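Notes follow the structure.
The values are calculated or read from the model by the stated rules, or taken from the named source; none is laboratory data. Keep in mind that this is a model prediction, so the values were computed, not measured. Please note: Cβ atoms are built from the backbone with ideal geometry, for glycine as well, and neighbour counts cover all protein chains shown.
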């Protein structure tokens, strides 16, 4: 009997025990984040360099100054140097890319070097922007494209362009609303409509009288895959997020994007 009493008491103690579990958010070494852009237009070449911060920090990512940044045209072996114009921002206003050519970005920070290559595709012109529905009252539409009111209204607009046939094309749409670049990621591939006129709309936050500019950029597949992975991380809610695959070496985060640019502007009515 005593034996059974001891076993029962031990079981009750085990059931009633509680233990606080602390999640250890380890401090990690900062990683370099590079966001490089080279356009077929002058004045748009820029490289932004920052460092990551820890999970529990709320400060902006620290800028990395003093880097040596160059871009090499692999077709001509011409090297252009970028100048730091703001902390962590490196530019070259006279440098512009050419469709069909490959460029390599080199970034040297102290003793570490980071590099990435990207090819500018053939340009596809954005013909016009078709406004599918707008919200003249400032209240968003219902249905699958609704949600939010006022400044969070959602409108649908289609960037109309003719996709070149017999070649894979990848696009990013950078949206500017009233001179402010939006953080939304809009990307498309021509899978399923190769050689056709695009009819795929964008869902853009805007309201009446807003001026919306759409910059359609032709990008290579590696850059498309990066933004595709980044978009999955932003929109996921259950799985553990993973860093999108970067085209930059030496364990850096970010991307180097050589691209074309074709823009159109519309006023929301």
Based on what the data block shows, is residue 261 within 20 Å of residue 46 (Cβ to Cβ) and surrounded by 14 or more Cβ atoms within 10 Å (Cβ to Cβ)? yes
Residue 226 being closer than 28 Å to residue 117 by Cα, in contact with a helix residue (DSSP H, G or I) (Cβ under 9 Å, 6 or more places away or on another chain) and buried (at least 19 other Cβ atoms within 10 Å of the Cβ): no
How many residues are buried (at least 17 other Cβ atoms within 10 Å of the Cβ), within 22 Å of the chain's Cα centre (by Cα) and not in a strand (DSSP E or B) if we restrict to segment 73-95? 2
Residue check, residue 70 modelled with pLDDT of 95 or more and either crowded, with 17+ Cβ neighbours inside 10 Å or at negative phi (or both): yes
Can you find a residue in segment 112-133 that is without any contact (Cβ under 8 Å) to a residue 24 or more places away in the chain, within 20 Å of residue 243 (Cα to Cα) and surrounded by 14 or more Cβ atoms within 10 Å (Cβ to Cβ)? no
Taking segment 105-136 and keeping only residues that are within 22 Å of the chain's Cα centre (by Cα) and part of a loop (DSSP other than H, G, I, E, B), one is left with 120, 121, 122, 123, 124, 125, 126
Check on residue 243, surrounded by 12 or more Cβ atoms within 10 Å (Cβ to Cβ), more than 24 Å from residue 97 (Cα to Cα) and under 18 Å from the mean Cα position of the chain (by Cα): yes
